[in-house]
Amino acid sequence: MSDALIARLRQAVIDAEPDDALALVRELLAADVAPTLILDGGLAKAMLILGEMWKSGEVFLPEVMAAAAVFTICNEEIEPVLLASADHKVGAKVLLATVKGDMHDLGKNMVAAMLKMAGFDVIDLGTDVSSAAIIEAVIRETPAVVGLSALLTTTMPEQRSVINALVAAGLRDSVKVLVGGAPATQEWADAIGADAYGQHAPDAVRAVKELVGVLD
């Protein structure tokens, strides 16, 4: 039964039906379905499918944004249930930011939600974040990993700028750097000296787990 409900949840997110999606999330939680399964198999999977549909021209950005709003609503319902688990915390802190000049946050928000579900302590600096602000946050928060998102080719160089700023501040050896965003690639990550690259949200979470040594 849970598989059928999760399939319906995926479709409700893709169709941007918040009432139906939220009702299905509540039904799944009431049936003691694992919150991680609801997120991975339902919400995140729906957004990955929608992302592929966007790339192929089957849907357009307003439809993606509408589905993203449903994702957020549903995640807010799931998150407290998972975080209430006493044995859930990984104990590693992850700092996330969309780099300076870039206001896009859909991918970053999905990564943040899934990292929280995986037990990480997430500090989300938001969008349009300068290198200086990221350095200040690294000093203040001492994260294990810094995740840098850039959706525009014009803002990709800011990922390099942050890494250079970490080096200049003497912090590079104390933190791992993950980069992501639609124009990013593994080759780009290698070229700028990042430690890992996340093609999409689940991939980014796996990369963070590998970086901190808690891969399942």
Additional length obtainable on full extension of the chain from GLU27 to GLN186, 0.36 nm per residue less Cα span: 53.3 nm
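Gain in length, THR154 to THR142, computed as 0.36 nm per residue apart minus the alpha-carbon separation, to one decimal in nm? Kindly include the intermediate steps, with their values, before the conclusion.
Numbers: separation 12, 0.36 × 12 = 4.32 nm, distance 2.87 nm.
Residue separation times 0.36 nm, minus the Cα-Cα distance, leaves 1.5 nm.
Where nothing but the Cβ of Lys and Arg (+1) and of Asp and Glu (-1) is charged, how large is the charge dipole of the range 93-212 around its Cα centre, in debye to the nearest 20? Please list the in-between numbers first.
Numbers: 10 positive and 14 negative charges, 36 e Å.
Charge dipole, the range 93-212, about its Cα centre: 180 debye, nearest 20.
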For the chain, just list the percent of Cα-Cα distances falling in each 10 Å bin from zero outward, please. 8, 34, 35, 19, 4, 0
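As an exercise, take the mean of 1/r over every pair of distinct alpha carbons in the range 2-83, invert it, and state the Kirkwood radius in angstroms. Show your work: numbers first, answer last.
On the way: mean 1/r = 0.0810 Å⁻¹.
About 12.3 Å, per the Kirkwood formula over Cα pairs.
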Could you pull out every whole DSSP H run in the chain that spans at least 27 Å of Cα extent along its own axis and averages 0.0 or higher on the Kyte-Doolittle scale? 61-83
Determine, for MET65, MET110, the number of other Cβ atoms within 10 Å of each Cβ, and report the residues in order from fewest to most. MET65, MET110
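Values quoted throughout were computed directly from the atomic coordinates according to the rules given, and no laboratory measurement underlies them. Model, not experiment: these values are computed from the prediction. Because the Cβ atoms are built from the backbone with ideal geometry, glycine has one as well, and the counts that use them run over all protein chains shown.
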